[in-house]
Structure formats: C-alpha cells, structure tokens
Protein chains: 2
Amino acid sequence: MRIVVLAGGIGGARFLRGLKAAAPEAEITVIGNTGDDIHLFGLKVCPDLDTVMYTLGGGIHEEQGWGRAEETFAVKEELAAYGVGPEWFGLGDRDFATHIVRTQMLGAGYPLSAVTEALCARWKPGVRLIPMSDDRVETHVLVEIDGERKAVHFQEYWVRLRAAVTAHAVVPVGAEAAKPAPGVLEAIGAADVIVFPPSNPVVSIGTILAVPGVREAIAEAGVPVVGLSPIIGDAPVRGMADKVLAAVGVESTAAAVATHYGSGLLDGWLVDTVDAAAVPEVEAAGIRCRAVPLLMDGPEATAQMAREALTLAEEVRA
Amino acid sequence: MRIVVLAGGIGGARFLRGLKAAAPEAEITVIGNTGDDIHLFGLKVCPDLDTVMYTLGGGIHEEQGWGRAEETFAVKEELAAYGVGPEWFGLGDRDFATHIVRTQMLGAGYPLSAVTEALCARWKPGVRLIPMSDDRVETHVLVEIDGERKAVHFQEYWVRLRAAVTAHAVVPVGAEAAKPAPGVLEAIGAADVIVFPPSNPVVSIGTILAVPGVREAIAEAGVPVVGLSPIIGDAPVRGMADKVLAAVGVESTAAAVATHYGSGLLDGWLVDTVDAAAVPEVEAAGIRCRAVPLLMDGPEATAQMAREALTLAEEVRA
C-alpha cells in the first residue's frame, strides 16, 4: 500500500510514527511543509522537515516535540554574546549542524529535495520525505500590534509573539509561483490513500495545498483522502491552530476544519469522541465522518488513530 | 607611540599580549594574516585573526594556543554523523559561532575588515586588528606525496598532513591581485615603530608582505622596523616554520630568517641568547642585532621581549 501524508511539524511527525506502526509494510511518502522555513544567522532552517526527520529517525527531543535530544546551546550563547539575534529561536548545537550541512549543500547548488534526501540518509526515517517545493515559500502573518498592521514571518508570529497578537491574514508568500518538488505529484498520482494528519490546517497542510498543482492532484487522484481533526473540543490539541483559523475566517471546531478542506478534497474525516455531535454536520457536507479517540498520548493510541484513518479510507473506497 | 605589528597566529598573539603589557599607553595596530583562511562547511574561518582576537580578548584556550576556552564539540560530532568533513579541522561549538557571524556578515556584503571590527567589538582586544586584505588570499603548498606533486590548502598541509610531507613551494594564491585592507597602509604610514613578532616568516609575515603595497609602505615608512626570531637554536619555537622555510630555500636559523627579510626591510633583529653567535652575521647584513631571551614562557618573559624590541627600535632610531 502506498500512502501519501501531507505533514507539518510535531502533530504530523507524531502521527507518522503511529502510521508506520499501524502499516509497517506500507510505502509512505511524506510531503513536508516548508512554509515555516526561515533563514537564521545566514543558515537555512526547515523546522517542519527536521521535526519529521528527527522524530522518525530517533533524534527528537521527545517532551518538547521539536529539536534534538540531549541538546546543548553553546553556539546560541556565543551568538548572543556577539549581539547577534534573534534570541527567541532556540537552535541547539546539534540542530545547528543540520542547518550548516543544509546551507552548504544549497550553496553548492543542490535543490532542497536533494538536500533533504541526503540528510535523511543519516536519519533513515523509514518514509520518503519530500519538501512540498524546492522553491522558496515563506508564510507571513499580517498582525496587528498597538493598532498597527504589519506582516511578520510565521516564526516570528508563532515563536516570538506566541500567536498572542491579532492575526488578520496568513499569506504563503511565493506559493503561487512555486512548483511542487520532484516526486510530489508523482507520489500523489501513485497513492492508494492520501492522509491529512492532525497538522495545522492553515499554516501546515494549507500551505502545502497552496503550491499550484498539489490540491488539484489530490482532488483528481481518485483515491480516498482522509483526515484527522487537530481540533478536539473546539481547541487545538497543541499549538495555536485556533488563532490562524480565526485569521482565515474558519471556526475552531472539528467540523469547521473539515468543511474548510471541503468535500471536493476530503472524503473522510475523523473527529474525537468528545466531538461526536459534529459527525452529522460533517457528513451533511458530503464527507464521511467517524468519532474516535484522537489524543496522541503514547505510541499505541497513535497507532490506533492511524488504523482508524486507514479503516475509514477503506470504507470510503468501498 | 603608534606601533604596527604584522601578526600570524599563536606566536604573534602571545607576543602582542607581552607588547600590551610592555607599552600600555601605545596605540597598537595589528595587521593580521589571512592567507590561512579557509572555507569549511560553507563557513569562512580566519584562524590567525581569531587567535589574535581570542588571545587578547581573554577567550583563548591557553594550553592549546588556538580555539576557545571551555570548548565543546557537538556541532563537529553531528557533522561527522552526517558524513560531512573535513574531520581533521577541530572547530568547537563556541568557535563555530564566530564563523557563523562572520559568514553571515560577509554574505550581507560587509568586507572582512568591517566584520573583524564587529567581532572585536565583543572581544575588545585592546589593539586595532585589521586583516591584511579584504580580498581572498589563500596560501597553497605544493607538496609531494608518493612521488606525486599537488597543491593543497595551507591548512591541509599544516593540520591534516602535519607538515610531514615534502613541500616544494608556498604560494599565496590571489595575493598579487589583493589590495591592502582599508587602514593598513595608513597605519604603516603613521607608525612610530613596526614590529615583526616571532610569527612564521613565510606563511604569516611573508604572506602579509606579499600583498602589493605593504612591503613598499614598510620599507618607505622611515621608522624603525624590528623583528624577533621565531627560530631558536636552529629550530622553530613552536609550529613547523623550518618546513616552510626549507620550501622557500631559507635555512632554519635565526640569522637566515633576518637576511631573508633583508636590510631593505628590517632595521633590527632579536635572536635568542643561544644564538648569540649569529649576531655578527646579521649585523654584517646591515641589520642591528641583539641576543636576548626569546622564549615566551609566561607573561613577564614575553613583556620583557617586547621591551627589548622597543629598546632596539630606539637604538636604531638614534
């Protein structure tokens, strides 16, 4: 079975670990969000790709969900001593090495997809990880601070401002001119199932879908497309998805996210058992819906979620 | 008093510490060798500039003579785990930060001299440190390995091969087209004394003198130019200066180094007391010479060496 997963960072990465356990024989291709990539200290940082790579490759800081285990921060301390910021982005020494290798390879002319493959040669994530695009796409958020509106990089909104300021719009800058990376459309075209994990529907999956050709390829793939709600009981399981949903005018509910994707794209949707009442609303929108436990608290619960997603996909197919 | 010092790495840096102690009121300008600069992992590394900066700024690894004190090596370990080398160049985590800041500033368009000034704003070395040139000069060594000749970067010859292979020539690639960095010729022109510390006469001071205009400016400055022999008892005090002296056809003796510089450039020369017999030979070449203890074993001995150099300069002036 060939499964294609559109993934953001922590939520997507943890779900993928469950999916690998649930379908050990499957050939999994992950299309990773690069809209939250950022240049820091002259280095190219790809937080979502790295979170997937480190999580599946056994190098992740488990409690934190991002960054490396057993991390140290000598480089960051020194940069601060030089007065070089930003200080709000927590890059550790081990993590720096990844960005140094990536930046060196990009500088030598390799596209991001080839660089990602080279990095994965070390981590062996057990999936094929492809960035959504080799072209630069950078998610900016139009925020309002003290009555003044300005666009900031997504990471500044998310990490520095902790999504605590009003966001009026989310714009994946450069997306309209970006091309899917080599292998993206081919993987979608060859998939047996396409899964939207409980990643952020706006700045993770939404950004991947904003790359011209991706949404169309998924809609036309002719295979089940199933998703898992990142919203449980009207609040995001983690992160601040509700804030960016509000910015794009979508209610922070499991049903609203499903109808935001729409029945033209989505065939099946899993909501948490606490949101069982939302099932009829989602089904009325033409999307098959089931209520199952969606808290990824532990490997077995996560694998079970993945099994439920694959079961729903088979129901849709039949 | 304005003193200009042409400096390489460890020897030059340690001498400078003594000079600062010997002449606390002096305005010292250091023209630093950049011929051993190297690009590693996509980062610009300037070993000699950093050794001077760290030594005078209190950040040096004292025993080692180069690199940072209390250093860790997480980044290097990770790069090795990615299979990315070279592994023979020992960059520590704290040191990496310096190269990251430098590379970022160079990438933003600042010349190396401006970058060096910015880095020194943190380290406050108590001297004005200027790279010999903002242009790229890279010392290559023509080596012979298993009967085959090839050019390697100086660092590869020095660090990886430990100068243990035959060297036929030392070439400061790019020097003939390089311009002295802003401030270099002005500092030489305004100097009261010019000092060649016990740095490597070929790959440190020799490289600085290879930048068109520098040798001429020193010869025409009309002020005492005094040097200290890096060779004691026919062997280099540290490093492998004898190897590169042989490559340029100069004997590894205190006298031969003086006559290699020549009386057109050098007015005074200090040799160690064990080389007192060389004094007449040097003086016969038109260079005033004194034999004094030249082992930099401790701050006081080093300050005394600097005092002897300044005294010799005054003798020459009179």
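Some notes on this structure:
- Multiplying the residue separation of A:ASP192 and A:ARG136 by 0.36 nm and subtracting their alpha-carbon distance yields 17.2 nm.
- Here the Karplus curve 6.51 cos²θ - 1.76 cosθ + 1.60, taken at θ = phi - 60°, turns the phi angles of region B:147-161 into couplings of x, 10, 9, 8, 8, 10, 4, 3, 5, 5, 4, 7, 8, 6, 8 Hz, with x standing for Gly and Pro.
- Which listed pairs, of B:LYS20/B:LYS243; A:LYS76/B:LYS76; A:LYS44/A:LYS243; A:LYS124/A:LYS179; B:LYS20/B:LYS44; B:LYS44/B:LYS243, have C-alpha distances above 19 Å, in listed order: B:LYS20/B:LYS243; A:LYS44/A:LYS243; A:LYS124/A:LYS179; B:LYS20/B:LYS44; B:LYS44/B:LYS243
- Considering only beta bridges that DSSP places wholly inside chain A, some 45 percent are antiparallel.
- Carbon/sulfur fraction of accessible area - region A:10-121, other protein chains in place, 1.4 Å, %: 52 percent
- Amide H to amide H distances under 5 Å link B:HIS168 with B:LEU142, B:VAL143, B:GLU144, where only residues 5 or more positions off or on other chains count and H is placed in the peptide plane.
- Net +/- balance of residues flanking B:CYS289 in space, Cβ distance below 10 Å, scoring K and R +1, D and E -1: -1
- Residue mean of other protein chain beta carbons inside 10 Å, A:165-173: 0
- Nonlocal amide H pairs with B:VAL237, under 5 Å, H built at 1.01 Å: B:ILE232
- Relative contact order [Cα under 8 Å, 6+ residues apart], region B:167-246, whole percent: 39 percent
- Among B:PHE15, B:PHE41, B:PHE96, residue whose mean-square fluctuation peaks in a GNM of chain B (springs only between Cα atoms under 10 Å): B:PHE41
- B:ALA285 paired with A:ARG128, simple spin-label distance in nm, labels 7 Å along Cα-to-beta-carbon: 6.8 nm
- For B:ALA121, label point 7 Å along C-beta direction: distances to other copies, nm: 4.1
- The amide H of B:ALA291, built 1.01 Å from its N in the peptide plane, has B:VAL271 as neighbours under 5 Å, considering only residues 5 or more places off or on other chains.
- Here chain A is treated with +1 on each Lys and Arg Cβ and -1 on each Asp and Glu Cβ, and its dipole about the Cα centre works out to around 480 debye.
- Mean Cα-pair separation over length for chain B, i.e. relative contact order, pairs under 8 Å, 6 or more apart, %: 19 percent
- Annotation for B:LYS179, label-to-label distances across the other copies: 4.1 nm (shortest first, one decimal, point 7 Å from Cα along Cα→Cβ).
- A Stokes-Einstein calculation at 25 °C with viscosity 0.890 mPa s, built on the Kirkwood radius of region B:18-159 over Cα pairs, returns a diffusion coefficient of 150 µm²/s.
- Convex hull volume of the C-alpha atoms in region B:142-200, normalised per residue: 117 Å³.
- Among the residues of B:77-83, the average count of other protein chain beta-carbon atoms within 10 Å of the residue beta-carbon is 6.
- Our coupling estimate for region B:37-47, obtained by passing each phi through the Karplus curve with A = 6.51, B = -1.76, C = 1.60 and θ = phi - 60°, is 4, 8, 8, 10, 6, x, 10, 8, 10, 10, x Hz, Gly and Pro reported as x.
- Net +/- balance of residues flanking B:GLY12 in space, Cβ distance below 14 Å, scoring K and R +1, D and E -1: +1
- Whole-number D in µm²/s for the protein assembly as shown (Stokes-Einstein; Kirkwood sum over Cα pairs; 37 °C, 0.692 mPa s): 118 µm²/s
- Karplus-derived 3J(HN,Hα) values for region B:53-67, using 6.51 cos²θ - 1.76 cosθ + 1.60 with θ = phi - 60°, are 5, 5, 5, 6, x, x, x, 6, 7, 4, 5, 6, x, 9, x Hz; glycine and proline are entered as x.
- Among A:235-241, B:77-83, the peptide with the highest mean count of other Cβ atoms within 10 Å heads the list, and the full ranking is A:235-241, B:77-83.
- Modelled label positions at B:GLU117 and B:ALA69, each set 7 Å beyond Cα in the direction of Cβ, lie 2.9 nm from each other.
- Here B:ALA80 yields copy-to-copy label distances, from shortest upward, of 2.8 nm, the label point defined as 7 Å from Cα along Cα to C-beta.
- For region B:28-68, the Cα-based Rg and Dmax, in that order, read 10.9, 33 Å.
- Accessible surface buried once A binds B (1.4 Å probe; total of both sides; Å²): 2200 Å²
- Counted charge near A:GLU63, where neighbours are those whose Cβ lies closer than 14 Å (Asp, Glu -1; Lys, Arg +1): -1
- Residue of chain A nearest the A-to-B rotation axis [by Cβ], rounded angstrom distance: A:ASP93, 2
- Hull-based mean projected area of chain A, where the convex hull spans the alpha carbons, in square nanometres: 15.7 nm²
- The sum of -39500 (n - 2.57) across all DSSP H runs of n ≥ 4, divided by the residue count of chain A, sets its helix-only mean residue ellipticity at 222 nm to -10500 deg cm²/dmol.
The values are calculated or read from the model by the stated rules, or taken from the named source; none is laboratory data. Since we're looking at a predicted model, the values are computed, not measured. Every residue, glycine as well, gets a Cβ built from its backbone with ideal geometry; the counts of neighbours run over all protein chains shown. Note: areas computed on protein heavy atoms with side chains; ligands, DNA, RNA excluded. Shrake-Rupley method; radii C 1.70, N 1.55, O 1.52, S 1.80 Å.
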